[in-house]
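> Sharing a structure below in C-alpha cells format, with a few things to ask.
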Amino acid sequence: MPRYDALQGDTTVDVLVIGGGLIGLTTALLLARDGAQVALIEAQRIGSRTSGHTTGKVTSQHGAIYATLVARHGTAKARQYATANQAAVEQVAALIDAEGIDCEFLRTPAYVYSTKSADALDSEAAAASSLGLPAHLVDAAEVGVPAAAALRFDNQVQLHPVRYLAGLATAFERTGGRIFEHTRAVKVDEKDGAVHVSTEKGGVITAYQAVLATLLPIGITGAYFARTRPKQSHGIAVRLPVEAPTGMAISVDSPTHSTRPWPGGGPNGLIVVGSDHEVGSTNETGAAYQSLVDWVNSTWNAAIEPEYRWSAHDYSTPDLLPYVGRSPGSRSIFVATGMHKWGLSNGTVAAGIINDLIAGRDHPAADLYDATRFGDTRAVAKLITDNLKVGKNFTLGHAQRILRGGLDHLEAGQGGLLKTGNGTIGGYRDQDGNLHTIKPICTHLGCPLTWNTADTTWDCSCHGSRFDPDGEILDGPATTPLEAPTTDA
Ligand SMILES: Cc1cc2nc3c(=O)[nH]c(=O)nc-3n(C[C@H](O)[C@H](O)[C@H](O)COP(=O)(O)OP(=O)(O)OC[C@H]3O[C@@H](n4cnc5c(N)ncnc54)[C@H](O)[C@@H]3O)c2cc1C
Ligand code: FES
C-alpha cells in the first residue's frame with residue numbers, strides 16, 4: 001500500500017471524499033478523471049477496513065437474490081439492479097486494464113449452490129436469466145464442494161482487494177487527486193453553499209461537495225444507523241490437501257460458506273468466508289473461526305489449520321437495496337452505505353451514481369438506490385423490529401459476563417468487563433503483559449460494548465462501531481475514541 005501524510009491545517013477543494021475504502025477511492029478516481037479537483041481523507045490507512053478484508057469477488061451473483069428482488073420490487077427494478085451490477089463487473093475490469101493495476105485479476109465463474117435439494121435454485125435461475133444475467137443451472141458437481149443444485153454466472157471476476165485498492169489510489173493521485181491518511185473527519189457542516197469538514201487534528205476542509213464513503217455515514221448524518229444493520233463475517237485462508245475448486249462459490253443454506261481460490265496459497269489455496277453474526281452480539285468469536293475450519297476439514301477430510309484469519313463487517317438495508325446519493329435534506333452531501341456484503345460491485349455502481357449526480361448527469365440506477373427513500377411497508381416493519389432489538393440491548397446494558405476478580409487477575413491475552421468499586425470497566429492484558437483499560441460505553445450514542453475475544457476489539461451491537469483495546473476507533477459511525485475509565489480496580 002502506498003503511504004500518505006496526514007493533512008496539516010486547512011484546505012479547499014471542489015469535492016472532498018471521506019473514506020479510503022473501495023467506494024471512496026473509486027468515487028475519487030472517477031471524479032478526478034472528470035476534471036474535478038478532489039481530495040480524499042482517510043481516518044487510518046487506505047484500504048485498511050472492510051474493503052481490504054473482502055473475499056474479492058466482483059460479480060453480479062449476490063447469493064440467491066434475484067427471485068427475492070423480483071418478488072419485492074418487481075421485474076423492472078430487479079433488472080435495474082442486475083444490469084447495474086453486471087456493468088460494474090465490466091467497469092472494474094476496464095479500470096484495471098486502463099490503469100494497469102496488478103491485482104491478481106482473474107475471469108472465473110461464480111456459483112451459487114444448495115446442499116439441500118436438486119430444485120432449490122430453479123426459481124432463482126429463472127429470475128436471473130429473465131433479467132438478462134449470464135446465469136445457467138449446471139451439474140452440481142462443477143462447484144467442487146458437495147452440492148445438490150448449482151447456478152453458474154459466467155465470466156465474473158476475482159481479484160486481490162488490497163492490490164486493487166492500491167492501484168485505485170495510485171491512479172487517483174496520477175490523475176491529480178490528493179490523499180491524506182490519518183485524517184479523521186469529526187464534523188460535517190453544510191452552510192452558505194459549501195460543506196465544511198472538521199478533522200480530528202483541528203483542520204477544516206471546505207468543499208462544494210462532500211462524499212461520505214465511511215462504510216456507514218459518520219455521526220448522525222441521515223440517521224442511516226437506524227436504517228441499517230451491521231453483520232460481521234469471518235474469513236480464513238487455507239491450503240487444502242488437494243487442488244482447490246477453481247470457481248468462486250457461495251451456498252444458500254445456513255450456515256453460508258463463500259469460497260474462492262487463493263492464488264497466494266498455490267493450486268491448493270482457498271479462501272473461505274462465513275460465520276456471520278451481528279456486530280457485538282457475542283464475545284465468543286473464536287467459535288466463528290473454528291466453525292469455518294471445521295467445515296473445511298469435514299468437507300475435504302483434512303486436519304488443517306488456517307494460515308490467515310480475519311473479520312470485517314458490512315451493513316444491510318431492510319429492502320436489500322443500498323442507499324446511495326444525496327443525503328436527506330442536503331444539496332451537497334452524498335452518501336453510500338448498505339452494500340449487503342456485495343460492495344465491490346454495488347460500491348462501484350455507487351461511485352458511478354455519485355460521480356454522475358455531482359456532474360449533473362443521469363445514472364440508470366440512481367432512482368433505485370436513492371438514499372432519501374424510506375422503503376416499502378415490509379422494510380418499515382423490519383426496521384421497527386431491528387430498532388426494538390437495539391433498544392432492548394440498550395436498556396439491558398451490559399448483559400455479557402463480568403470477569404471474576406479485578407484487573408490483577410487478568411491473564412495475558414484475556415479481556416472483558418470487570419467490576420470495580422465504582423462501576424464496570426473494560427480491560428485487556430496483551431501478550432506482553434501490558435494492561436489496556438477503557439470505559440465500555442460507545443461514543444456514538446452510548447450503547448454498551450462487547451469484548452470480542454478472537455479479534456481483541458470492543459464492538460458495539462447497536463450500530464457497528466468497533467474500537468481497539470486502547471479505545472481508538474477502528475470503525476464508525478463513532479468519531480471519538482472511548483473514554484478512559486474513571487475508576488481503579
Ligand atoms: C468478510 C466480508 C467479505 C466480503 N466479500 C465481498 C466480496 O467478495 N464481493 C463484494 O462485492 N463485496 C464483499 N463484501 C462487501 C464489501 O467488502 C463492502 O461492501 C465494501 O468493501 C464497502 O466499502 P466501503 O468503501 O463502503 O467501506 P470501507 O472499506 O470500510 O471504507 C470506509 C473507510 O472510511 C474510513 N473512515 C471511517 N470513518 C471515517 C472518518 N470519520 N474520517 C475519515 N475516514 C473514515 C475507514 O477507515 C475506511 O477506510 C464483503 C464484506 C465482508 C465483511
Ligand atoms: S455505534 Fe451507535 S451507539 Fe455504538
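> Kindly list the number of the only condition in (1) within 16 Å of ligand 2 (Cβ to nearest atom); (2) buried (at least 17 other Cβ atoms within 10 Å of the Cβ); (3) under 20 Å from Gly24 (Cβ atoms) that fails for Ile205.
(1)
> Just name the residue that is nearest to the chain's Cα centre (by Cα) out of those in the stretch 162-210 that are part of a helix (DSSP H, G or I) and either within 18 Å of Val13 (Cα to Cα) or at pLDDT below 95 (or both). Break it down stepwise before answering.
Here is the first cut: in the stretch 162-210, the residues part of a helix (DSSP H, G or I) are 162-174.
From the residues that got through so far, the ones that are either within 18 Å of Val13 (Cα to Cα) or at pLDDT below 95 (or both) too are 169, 172-174.
Details: Ala169: 18, Phe172: 22, Glu173: 24, Arg174: 27 Å.
The residue in question is Ala169.
> Would you please name the residue that is surrounded by the most Cβ atoms within 10 Å (Cβ to Cβ), looking only at residues in the stretch 442-457 that are more than 8 Å from ligand 2 (Cβ to nearest atom) and of a type outside the set (S, T, N, Q)?
Filtering first and then ranking leaves Trp451.
> Could you say which residue among Ser332, Ser327 is within 16 Å of ligand 1 (Cβ to nearest atom), in contact with a strand residue (DSSP E or B) (Cβ under 6 Å, 6 or more places away or on another chain) and in contact (Cβ under 8 Å) with a residue 12 or more places away in the chain?
So the residue among Ser332, Ser327 that is within 16 Å of ligand 1 (Cβ to nearest atom), in contact with a strand residue (DSSP E or B) (Cβ under 6 Å, 6 or more places away or on another chain) and in contact (Cβ under 8 Å) with a residue 12 or more places away in the chain is Ser327.
> Hey, could you check the stretch 119-133 for residues that are touching a residue at least 40 places away in the same chain (Cβ under 8 Å) and surrounded by fewer than 17 Cβ atoms within 10 Å (Cβ to Cβ) and say which is nearest to Thr83 (Cα to Cα)?
Only one residue fits best here, namely Gly132.
> What tally of residues in the stretch 134-152 results from selecting those that are part of a helix (DSSP H, G or I) and either surrounded by 17 or more Cβ atoms within 10 Å (Cβ to Cβ) or touching a helix residue (DSSP H, G or I) at 6+ places or on another chain (Cβ under 6 Å) (or both)?
Matching residues across the stretch 134-152 total 2.
> Assess whether Pro217 counts as being touching a residue at least 12 places away in the same chain (Cβ under 8 Å), within 16 Å of ligand 2 (Cβ to nearest atom) and assigned to a strand (DSSP E or B).
Spelling it out, it is not the case that Pro217 is touching a residue at least 12 places away in the same chain (Cβ under 8 Å), within 16 Å of ligand 2 (Cβ to nearest atom) and assigned to a strand (DSSP E or B).
Residues checked against (1) within 16 Å of ligand 1 (Cβ to nearest atom); (2) within 30 Å of Asp356 (Cα to Cα); (3) part of a loop (DSSP other than H, G, I, E, B); (4) among the polar types (S, T, N, Q):
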| residue | (1), (2), (3), (4) |
| --- | --- |
| Gly35 | no, yes, yes, no |
| Ser48 | yes, yes, yes, yes |
| Ala71 | no, yes, no, no |
| Tyr81 | yes, yes, no, no |
| Gln91 | yes, yes, no, yes |
| Val112 | yes, no, no, no |
| Ala118 | no, no, yes, no |
| Ser129 | no, yes, no, yes |
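> Now a separate question. What about Ala71, is it outside the structural domain of Thr170 (by TED's automatic domain parsing), over 29 Å from Ala6 (Cβ atoms) and either touching a Pro at 6+ places or on another chain (Cβ under 8 Å) or touching a residue at least 12 places away in the same chain (Cβ under 8 Å) (or both)?
no
The values are calculated or read from the model by the stated rules, or taken from the named source; none is laboratory data. Everything numeric in this text was worked out from a predicted model, so none of it was measured. In this analysis, Cβ positions are derived from the backbone assuming ideal geometry, glycine residues included, and neighbour counts consider all displayed protein chains.
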